[in-house]
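Here the structure is laid out as structure tokens; the discussion comes afterwards.
No value in this document is a laboratory result; all are computed from the given coordinates. The structure presented is a predicted model; accordingly, all values stated were derived computationally and were not measured.
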Amino acid sequence: MKIKIFNREICACALPDTNSLCAKSSAEMEKTMRLDKYLKVSRLIKRRTVANEACDAGRVFINDKPAKASANVKAGDVIAIQFGNKEVKVEVLDVQETVRKEEAKELFRYLT
């Protein structure tokens, strides 16, 4: 059960002995991020402005639909990027605001 109150959602937690409610923000319930920022943080595209331009040119798709740079990305989404005559498809595994270079490849996995 979710109740929306002042941009926060309150969900009924499954605690064994209590009927208490816990407050979680929407971001804690499901992490999302702008597409252009995700492409930069995950290092699929080097710069956010380049990611923005690729989206504007219609070369980036989320779940087989053309995506704008402001589209939200969440875990489980499939992103397809067209680089010239080559296409890269990845599945989003995690969404994080900042990540180290070595850990960036853990945010997605390549699809064939």
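What to note about this one:
- Gain in span if fully extended, Arg100 to Asn85, counting 0.36 nm per residue against the direct Cα distance: 2.4 nm
- In plain terms, the chain from Arg43 to Glu30 could stretch by 2.5 nm, reckoned as 0.36 nm per residue minus the Cα-Cα distance.
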